[in-house]
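*Asks:* The following block contains the structure, expressed as structure tokens.
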Amino acid sequence: MGLTKHIVVFLVLSLLASVCTSATVPWYQLNDGRRMPGIGLGTWFGMFNTTHAAEVFPDQMEQAVAWAIDAGYRLFDVGVIYQTEEALGRGIQRKIAEGVVKREDVFITDKLWNDAHARDAVVPALRRSLEKLSMDYVDLYLIHFPVGQFENGTYDLTDYLETWEGMIEAKQLGLAKSIGVSNFNPHMIERIVKNSRVKPAVAQFELNLQIQQPSVLKYCRENDIAAMAYSPSGSLFHHIALPGAPPPRVEDPVLKQIADNHNKTVPQIVWRHLSVCTSATVPWYQLNDGRRMPGIGLGTWFGMFNTTHAAEVFPDQMEQAVAWAIDAGYRLFDVGVIYQTEEALGRGIQRKIAEGVVKREDVFITDKLWNDAHARDAVVPALRRSLEKLSMDYVDLYLIHYPVGQFENGTYDLTDYLETWEGMIEAQRQGLAKSIGVSNFNSHMIERIVKNSCVKPAVAQFELNLQIQQPSLLKYCRDNDIAAMAYSPSGSLFHHKALPGAPPPRVEDPVLKQIADNHNKTVPQIVWRHLIELGAIPIPKSITKSRIEDNIDVFDFKLSREESVFLGGYDVNYRTGKLWSDSPYYLTRKLYF
């Protein structure tokens with residue numbers, strides 16, 4: 001049986017964290033600060049089965065890797081015993097030579113085999129693997145099994161704590177960026193955690209329909225260790241299933257019906273189920289410009305147009321909220337000139353950088369161009385002023401806040417936003433903004449940029465909550481590979497935010513509370529989860545520590561189809577901000593359409 005393009009995902013390695021909200025593969029934050037893709041290509045094809053091994057030729061494996069990269073894979077899993085290191089290395093080097101990827105774009109997992117468990121044997125073993133891979137480092141190195149065994153069949157009784165010290169040395173030398181374990185149970189992992197200064201970043205173990213390992217998954221979630229699933233098909237396929245293996249098989253009628261419900265294949269449904277067995281790790285999504293963005297963030301707009309409420313938000317409170325958020329796992333922070341919180345946000349981030357909790361490159365800062373700087377030549381100076389307040393050299397994402405400018409005297413700046421967009425491109429060209437996008441634009445406006453510019457917006461930010469779910473705009477973003485970012489995700493959920501006459505629901509709604517109880521979550525967590533499953537990145541705001549911590553804890557469950565349909569029923573296209581007819585958004589429609 002040769003490899004074909006259609007079975008390139010013979011073995012999938014799924015990082016068990018969030019539910020992916022689009023075809024884009026999320027990247028997840030590991031506990032050591034690095035990131036890892038949410039699905040990958042496995043390269044174990046039964047090397048212990050010599051009959052099957054003979055069917056997998058090096059050139060076929062190399063081609064499979066090339067196909068996978070073209071399809072969007074960036075994670076590749078290999079091991080010494082798989083005998084595929086050379087082929088994997090050649091496939092990746094081919095796509096690097098073609099300019100499709102750079103080395104830093106791919107994530108390579110390799111494993112220490114059982115015959116090299118002595119502390120001093122770990123680094124030499126990894127160096128041999130790197131030579132086969134034609135690489136200077138691997139992104140993740142795992143102890144393949146907790147017990148060593150030599151070729152003569154005798155066991156190497158070296159304590160795996162000693163082996164782990166060798167793994168730490170490999171990391172210190174830069175030969176492995178992250179380290180972890182494979183086929184370890186929670187007691188073994190806990191022994192490392194308690195006796196070492198370095199916690200495993202990843203635990204890889206078998207996970208499929210026939211073995212779902214809830215206790216191991218629970219341990220990984222609670223200890224911030226990413227879970228990686230090997231043999232995800234289990235006994236799904238007849239040619240893989242051993243005699244007497246339990247059901248189901250790929251033709252199971254219930255599985256087929258579930259697959260038909262989603263217009264997917266049965267294996268895709270299984271991989272999806274595994275990915276929802278989840279941890280609280282926040283996914284990072286790939287943007288259309290090649291950069292990555294976290295799947296949830298902290299908003300910093302506290303009603304600056306409402307001076308009464310604004311007076312309640314002091315800079316030290318905002319700074320503390322940012323510090324709490326970083327400790328809770330947030331890496332995305334959204335700000336704008338008009339919010340008056342740039343300085344406080346910058347101080348909060350700088351504090352955590354000084355404490356060694358994060359580096360600048362670990363956080364993703366979104367800022368916005370205000371309405372008084374829409375002229376092309378005004379964009380870069382405006383961003384430089386924001387960077388000075390943030391105490392930063394660049395922002396990760398810069399958005400045009402509204403499609404129409406407006407001066408302080410109340411007159412509108414009728415500069416065409418296509419001209420403004422050229423200023424945004426210049427900001428990106430100068431490295432002041434790594435990615436650029438738009439806010440409060442509708443799909444016609446975004447399309448006008450796409451058709452008239454060489455640079456597509458990477459992100460579109462717009463209001464999204466239960467009362468306004470914007471299906472057509474979400475569809476446009478999905479169809480055009482533009483990430484959707486949801487502001488005001490609570491809408492009118494809370495009484496103190498709801499305007500007179502605002503439509504339901506409120507936070508005490510009995511059905512919402514029942515859905516929340518079903519998942520052991522709060523009502524706001526249910527709402528954020530719904531927005532994520534619609535395909536958006538929510539940015540709820542808070543300056544309360546407990547709420548900040550709760551808001552990010554939305555990646556360990558999935559809403560049922562019935563729950564999603566019910567939540568979708570609250571959409572009445574109601575905006576919580578200014579009236580539609582008074583907004584610059586509406587004015588632009590009159591001007592240009």
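The values are calculated or read from the model by the stated rules, or taken from the named source; none is laboratory data. These numbers come from a predicted model, not from an experiment. All Cβ positions, even for glycine, are placed from backbone atoms using ideal geometry, and neighbour counts span all protein chains on display. Only protein heavy atoms, including side chains, enter the accessible area calculation; ligands, DNA and RNA are left aside. Shrake-Rupley method; radii C 1.70, N 1.55, O 1.52, S 1.80 Å.
*Asks:* Could you tell me what fraction of 2.2 N^0.38 Å the Cα radius of gyration of the range 516-568 comes to, as a two-decimal ratio? Please list the in-between numbers first.
*Replies:* Values: Rg = 11.0 Å, N = 53, 2.2 N^0.38 = 9.9 Å.
Output field value: 1.10.
*Asks:* While we're on this one: With a 1.4 Å probe and every protein chain kept in, tell me what percent of the accessible surface of the chain is carbon plus sulfur. Intermediate values should be presented prior to the final figure.
*Replies:* Working: 13190 of 25200 Å².
Accessible surface attributable to carbon and sulfur in the chain totals 52 percent.
*Asks:* Only loop residues by DSSP count here, and only those with at most 12 other Cβ atoms within 10 Å; note down the chymotrypsin sites (Phe, Trp or Tyr not before Pro) in the range 84-191 that meet that.
*Replies:* Details: sites: 107, 113, 137, 141, 150, 155, 160, 164, 184; in loops: 113, 137, 150, 184.
Answer in residue order: 150.
*Asks:* So if R0 is 22 Å, what FRET efficiency would residue 210 and residue 254 give, r being the distance between their Cβ atoms, rounded to the nearest 0.05? Walk me through the intermediate numbers first.
*Replies:* Details: r = 15 Å, r/R0 = 0.70.
The value I calculate is 0.90.
*Asks:* Could you work out the helix-only [θ] at 222 nm for the chain, with each DSSP H run of four or more residues adding -39,500 (n - 2.57) and the total divided by the number of residues, to the nearest 500 deg cm²/dmol?
*Replies:* Values: 21 runs with 221 residues, N = 593.
Counting only the DSSP helices, I get -11000 deg cm²/dmol.
*Asks:* Please work out the FRET efficiency for the pair residue 549 and residue 508, using the Cβ-Cβ distance as r and a Förster radius of 25 Å; give the result to the nearest 0.05.
*Replies:* Working: r = 22 Å, r/R0 = 0.86.
Once rounded, the FRET efficiency stands at 0.70.
*Asks:* Students often get this wrong, so check it: of 171/199; 359/521; 497/541, which have C-alpha atoms separated by over 21 Å? Kindly include the intermediate steps, with their values, before the conclusion.
*Replies:* Values: 171/199 12 Å; 359/521 31 Å; 497/541 12 Å.
From 171/199; 359/521; 497/541, over 21 Å: 359/521.
*Asks:* Suppose all protein chains stay in the model; what accessible area per residue would a 1.4 Å probe give for the range 25-173, in Å²?
*Replies:* Details: 6210 Å² over 149 residues.
Per-residue value: 42 Å².
*Asks:* So what's the angle, to the nearest 10 degrees on a 0 to 90 scale, between helix 376-390 and the longest Cα principal axis of the chain?
*Replies:* It is inclined by approximately 70 degrees.
*Asks:* While we're here: Taking H as built 1.01 Å from N, whose amide H comes closer than 5 Å to the amide H of residue 230, not counting residues under 5 places away?
*Replies:* Excluding prolines and chain starts, which carry no amide H, the hits are 205, 206, 207.
*Asks:* A follow-up question, please. Calculate, in whole percent, how much of the Cα-Cα pair population of the chain lies beyond 35 Å.
*Replies:* Tail fraction, whole percent: 42.
*Asks:* Let me ask another. Calculate, axis by axis, the spread of Cα positions in the range 370-501 along the three principal axes, and write the results as whole Å, longest axis first.
*Replies:* Principal-axis extents of the Cα atoms in the range 370-501, largest first: 43, 35, 31 Å.
*Asks:* Where both partners of a DSSP beta bridge lie in the chain, what percent of those bridges are antiparallel, to the nearest 5? Show your work: numbers first, answer last.
*Replies:* Values: 20 of 68 bridges.
Rounded to the nearest five, the antiparallel share is 30 percent.
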